[in-house]
Amino acid sequence: MAGIGSTSDTLSLLNLSSRRHFVAIVWLRWRIFVNAFRRKGATGELVAKILSYPLLAIMVLGPAVGTGFASYYLVNSGQIELLAIPLWIVFLLWQFIGVSTSASGSSFDLTSLIRFPIRYRDYLLMRLLFGLLDPPTLAGVACLIAMSIGIGIATSSLFMFSAAVLFLYCLCNLFFSRMAYAWLERWLAQRRTRELVTGLILLGSLLIQFVSQYFQRLDTRGHHNISPWMATTGKWLVNLNWYLPPGLATAAIDHKHAGDWTVALAASSGLVLFIAGFFFLLHTRLLAQFKGEDLSEAPAAVQKTKRVRKAQSNAVTEKSSNAASLLPPGIAACLKKEFLYLLRSGPKLYVLVMPVFVVLLFSMRTSGVSYFTGTRNNVGDMYFSYGCAYTMLIFVSLLYNSFGSDGAGVQFYFVAPLRIRDAVLAKNLLAVGIFAVEAVALYVAAIAVSHPAPLDLTVATLAWSAFTLFLNMAVGNIRSIVSPKVIDTARVRGQNVSGLNSLISLLVVFATVLVGATVLAICQTLHLSRWIAAAVFLILSVFAAMIYWLALESTDALAARNVESLTSTLGKI
C-alpha cells in the first residue's frame, strides 16, 4: 500500500508540475508582450500592431468568405467532387504563406525549454499549441469553418459529417505544417543540407512554372495543343489527388452525400492515417531535439586540415583582391560577406524566387479569363511591371533590417577600421545587384508566358523601380540602425523586420505604386506616350538618389548615437 501511495503521490506531483509549466509559459509569453512596450520605439510598434489588425482581418476573413461561397455553390449545383479545389487552396494558403509570416507577438524559441526539467509530453503539447494564433492558421481554420457552413446551408444533412471530415483535414494541415517546419529547420541547420534544400526549392519552382504551360496552351475553343505525355501527366496528377488529404476529404463528403457510407468512412480513415503519419514524423524530430541533438556546424569545421584551410584562405584573399580592384577594400570585403550570408540562407533564396511566381500566377489568371470569355487582352504587357512592383515588397528584410543577419558580429563594425557608411553601402550594392538579376529573370519569365513588354513600358518600369529602390534604401538604412532585429538564417519562419519597419516599408511601396499608377493613367487618359512617364520616373529617381546619398552620409553619426541599442539588440542569444 505504501508503494501504491507513493506512486499516486508521484503522479499527482507530475500533473501539478505540468500545470505549473503551462502556467509559467503563459506568464512568460505575457511578460514578453508587456515588456516589449518598454523598449525604445515601443510606441511605434504598438501603432504598427494596431494598424495591422485590419489587414490581418482581411487576410483571415477574405479567403474564408470566398471558400464558404464556393462550397455552397459547388454542393448546391451537384459538383461536390470539385470541393478538392478550395481544399487545395486552403492547403497552399496554410503552408506556403506561413513561410513568410511569423507568430503573433514577440518571438520566443520553444527549443530553449529543453534546458529545463520538463517532460517530453509537455514539450510536445507546447510545440503543438504554440502558434495557433498565427495568421495562416487562423485563415486556414476560418476557411474550413466557412466551408462547413456553406455545405450545411446547401445540404443540411451533410453539415455534421462534413464538419467532422473538415476537422480531420484541419488536424492534417496543422500536423503537416508543424512537421514540415520542424524538419526544414533541421535540414537548414547544416550547410550541406541547407544547400540541398535550397536547390530542391528552386528546382520545384522551375517545375511548377513548366507544368503551368499545360494550362497556358488551352485555346479559346478548349482544344489541347500539348503533347500526349503532358496530357497523361495531367490525368495522373488528377488521379493522385484522390489519394491525398484534399481528395480524401472531398471523396468522403461526396460518397456520404450519395449514401455510400463504406467509401465515405474509408476516405475518412485515410485522413486519420495521414494525421498519424505526420504526427509520427513530428514526434521523431521533436524527440531528437528533446534528447539534446546538436546540429552545430563547428565539428565539421574542426575536421578540416591545415592545408585545406590555407588553400581556402588563399582563395578568399585572391577573390577579395580581385573585388578590391573595382571597389575599395572595405566595401569589397563587406559585399563578399553579404553575398555569403545570402547563399547560406535557404529561406531568403526561396523568397527571392517568388517574383517569378507572381508572373506565373498573373499569366494563369489572365489565361483562364481568356479561356472562359473567348477574348484576348493586353494584360501580358504588364507582367514585367507587376513582377518589379512585387519585388520591392520582398526587399523588406534586405533594406529595412540590413544588420539583422550580422547578429552579435555587428560590434566588429565599430572596432574595425571601417566606416558604417561603407558597410551600409555594400549591403545596398547587394540589393541593387539582386534586383538586377530579378529584373532579368522577370523579363525572361514574362516573355516565356506571354510576349515581351513594349520598350517604352519596360523603360518606364525600370525608371520607376530605380525611384522606388533608392527611396526604400534611404528610409531602410535609417530604420536598420534605429530599429534592428536579429535574423536566424536557419529558421524557416520568423519575422525578419520589426512591425513598425514592415508598416513603413509597405507605406513607401504603396505610395510609389500610387505615383506610378497615377502617372501611367494620366498618360493613357491624355493619349500621351509612355516615354513621358519614363522621363517623369527618371527625374523622380534622380531626386530619390540624392535623398539616398544624404541619408547614406548620415549613417556614421546615426550609428554612433545608436551603438548601444544596436549592439545590445543584435547581440541577444
- Query: Which ³J(HN,Hα) values in Hz, rounded to whole numbers, follow from the phi angles of the range 27-35 under the Karplus curve 6.51 cos²θ - 1.76 cosθ + 1.60, where θ = phi - 60° and Gly and Pro get x?
  - Reply: 5, 5, 4, 5, 5, 4, 5, 5, 5
- Query: Given the Cα-Cα distance of residue 153 and residue 120 and 0.36 nm per residue of separation, how much length would full extension add, in nm?
  - Reply: 7.6 nm
- Note on the structure: With 0.36 nm assigned to each residue of separation and the Cα-Cα distance removed, residue 73 to residue 20 gains 14.2 nm
- Item | Euclidean distance between Cα centres, the range 59-96 to the range 496-573, Å | 38
- Message: Using the basic label-point model (7 angstrom from Cα toward the beta carbon), what is the residue 160 to residue 549 distance in nanometres?
- Response: 7.5
- Full-stretch length increase - residue 526, residue 130 - with 0.36 nm per residue and alpha-carbon distance subtracted: 137.0 nm
- Query: Once the Cα gyration tensor of the range 422-544 is diagonalised, what are the square roots of 5 times its eigenvalues, in whole Å and ordered largest first, as equivalent ellipsoid semi-axes?
  - Reply: 30, 18, 14
- Can you check what the net charge comes to around residue 557, using other residues whose Cβ is under 12 Å from the Cβ of residue 557 (Lys, Arg +1; Asp, Glu -1)? +1
- Query: Which residues' amide hydrogens lie under 5 Å from the amide hydrogen of residue 134, considering only partners 5 or more residues apart or on another chain, with H built in the peptide plane?
  - Reply: 104
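Each reported figure results from applying straightforward, stated rules to the coordinates on display, with no laboratory input. All of these numbers come straight from a predicted model, not from anything done at the bench. All Cβ positions, even for glycine, are placed from backbone atoms using ideal geometry, and neighbour counts span all protein chains on display.
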